[in-house]
1. Enumerate the lysines that LYS117 could reach by cross-link, defined here as Cα to Cα under 16 Å, with residues fewer than 8 away along the same chain left out.
2. Based only on other Cβ atoms within 10 Å, what is the fewest-to-most ordering of LEU267, LEU21?
3. Would you calculate a helix-derived [θ] at 222 nm for the chain, using -39,500 (n - 2.57) for each DSSP H run of n ≥ 4 and dividing by the full residue count, to the nearest 500?
4. Amide H neighbours of TYR210 under 5 Å, at least 5 residues apart or on other chains, H built in the peptide plane: list them.
5. Near LYS178, which lysines are there with a Cα under 17 Å away, not counting those fewer than 8 places off in the same chain?
6. Can you tell me how much longer the chain between ASP133 and TYR103 gets when fully stretched, taken as 0.36 nm per residue apart minus their C-alpha distance, in nm with one decimal?
7. So what is the relative contact order of region 217-303, in percent, for Cα pairs below 8 Å that sit 6 or more residues apart?
8. Taking neighbour Cβ counts within 10 Å as the exposure measure, how do HIS175, HIS121 sort from fewest upward?
Amino acid sequence: MGENIVENIKLLKSERNAIILAHYYQPSEIQELADHVGDSYYLSEIARDCKEDVIVFCGVKFMGESAKILSPNKKILMPDLDAGCAMSDMIDENGILELKNKYPNAIVIGYINSTAKVKAHCDVCVTSSSALDILNNVDNDEIIFLPDENLGGYIAESFPEKKFILWEGYCKYHHNIKVCDIIHLKNKYKEALVLVHPECKKEIRDLGDYIGSTTGIIEYATNSEKKDYIIATEEGILYELNKKNPNKNFLIPGESISCIDMKKTTLKNLYETLLNMDNEVVVEETVRVKALNSLLNMHKLAE
Ligand code: 13P
Ligand code: SF4
C-alpha cells in the first residue's frame, strides 16, 4: 500500500460514489485529498446538497451527525467513530430540559457543536460563521445559548438589549489559549495581527484584530497586506493559511493547539472505511426528525 494509499482512496471513492469532506482542523494529508474542506457551516451545506450516495466525513461526531440529520438517505461514514468533541458532551438532554423549564419563554439556540439529542431540543442551531447573522433574524428577547459559554458571550456582546442565559461549556483547546503567549509573540512580531476564533475567552477576544470562524480567519488573512499573523485557534488551520498565503508568516500562541479528536483521522482509517464501508453514523429517527428543525432554521435564518 505505502505511498499508493492516496491513489487507492481515490479509486475506492469513485467506486463507492462517495465524497470526502474535511474540516480545517483535520491533518494536512486529509485536507489535501478531500473534495471539500471548510468550516462547520460550509460543510453542513455541502452534506445537505451533494449528489453522492456516501459521505466520508473527516471531522468529529457532531459534524457526521449533522450530515445524517440533513441527509438521511445518504450513508455517512467517519474514519473513526470515536472522534468526538468534548465541548459537545458538556450538556446532555437533562441539562437542556432543566434550562427550558426554568426559562419557558426563552428561545433555545444551540451551537452546532452539540449532540443530535441536544439539537432535538433546540429551536435554532448556529455556527461561529453564522451566529451573528442568525441572531439578527431572531426577535426573541430571552435566549438560552449552549453549550459554549465563550461563543455565547461573544454573541451577547453584540446584542446588549437581549437577555442571554449561557451554559458553562467550553472547548479546552481554545479556552486554554493564554494572554501571555499572545503578548510574547506580539513583542517579537510588532506588526502582527491577532486573528481569534470566538471559542476563545473574552480576554483573548479583546486582543483580536479580527474575530471569526475558521473560514473567516482564512479569508481575513488572505485579503490583508500584512506579513505576520498570530492565529488563536486549532493549528490544523495552518495548512490552508499557508497554502493560500505562501509568503506570509502564521504563528500559533504557546507550544501547540491540537485537538486530539480532529487528529484521529488517518489515511489508513480513511482507506479502511471506504474499503469496508463501515463506521456508519446512526441517528435514531425520532431524534433526527426533531433535530432537523434546528438545522433547517440555521440555514434559513443565516441567509
Ligand atoms: P468553525 O470551523 O465553524 O469555525 O468551527 C470550529 C470548530 O469548533 C470545529 O470544531
Ligand atoms: Fe470540539 Fe474544540 Fe475539538 Fe472543535 S477543537 S472539535 S470545539 S474539542
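Throughout, read-outs are computed from the coordinates displayed, never taken from laboratory work. The model shown is predicted, which means the values in this text are computed figures rather than measured ones. Note that each Cβ is placed from the backbone with ideal geometry, even for glycine, and that neighbours are counted across all protein chains shown.
1. LYS61, LYS68, LYS100, LYS290
2. Placing the least packed residue first, the sequence is LEU267, LEU21.
3. For the chain, the value works out to -12000 deg cm²/dmol.
4. Placed amide hydrogens put VAL194, VAL196 under 5 Å from TYR210.
5. Here the lysines satisfying the reach criterion relative to LYS178 are LYS186, LYS188, LYS201, LYS202.
6. 8.4 nm
7. Computed over region 217-303, the figure is 22 percent.
8. In increasing order of surrounding Cβ atoms, one gets HIS175, HIS121.
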